[in-house]
Amino acid sequence: MTDADLLRSLGVDPSQLDPAPPWAPRAGTERLDGSHPCALCGKPARATVGVDTPGQGRRWLDRCMPCLIATTPRGGPRAPLVDTLAVLREAAREAGATVPIRTDES
């Protein structure tokens, strides 16, 4: 996935992101002081990366940890939901626990 594809999938307008230097050592750690908002939810950002945007140049993409985790593409095939639920149910049964399992298949 290209940086432009990532921004498009997140619904982020590159022109709203802060300009970034052409190259930043250590992935822009100087921006991780909590003073920059997450580009998705507005909470203090804890993860940042420079992205190349067409027509805008290099920009900072700041995200809080929940948004970073929720929007990071995972590699490899995903297990079918029915298999994942079966594993969760078996683990709960072995632990003697009652665990409500809710899903959002959207």
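The values are calculated or read from the model by the stated rules, or taken from the named source; none is laboratory data. What you see is a predicted model; the values in this text were computed from it and never measured. Don't worry about glycine lacking a Cβ; one is built from the backbone with ideal geometry, like all the others, and counts go over all protein chains shown. Note: areas computed on protein heavy atoms with side chains; ligands, DNA, RNA excluded. Shrake-Rupley method; radii C 1.70, N 1.55, O 1.52, S 1.80 Å.
Of everything in segment 32-89, what is of a type in the set (Ser, Thr, Tyr) and assigned to a strand (DSSP E or B)? Give them in sequence order. Step through it out loud before you land on a result.
Going residue by residue through segment 32-89, those that are of a type in the set (Ser, Thr, Tyr) are 35, 48, 53, 71-72, 84.
Those that are of a type in the set (Ser, Thr, Tyr) and assigned to a strand (DSSP E or B): Thr48, Thr53.
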Exercise. Quick one: Cys38 ticks every box in (1) of a type outside the set (Phe, Trp, Tyr); (2) touching a Leu at 6+ places or on another chain (Cβ under 7 Å); (3) at pLDDT 90 or above; (4) within 15 Å of Cys67 (Cβ to Cβ) except a single one, so which number is it?
Key: (2)
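Look at Ala97 and say whether it is in a loop (DSSP other than H, G, I, E, B), more than 30 Å from Gly34 (Cβ to Cβ) and open to solvent by 60 Å² or more (accessible area, probe 1.4 Å).
Criteria not met by Ala97.
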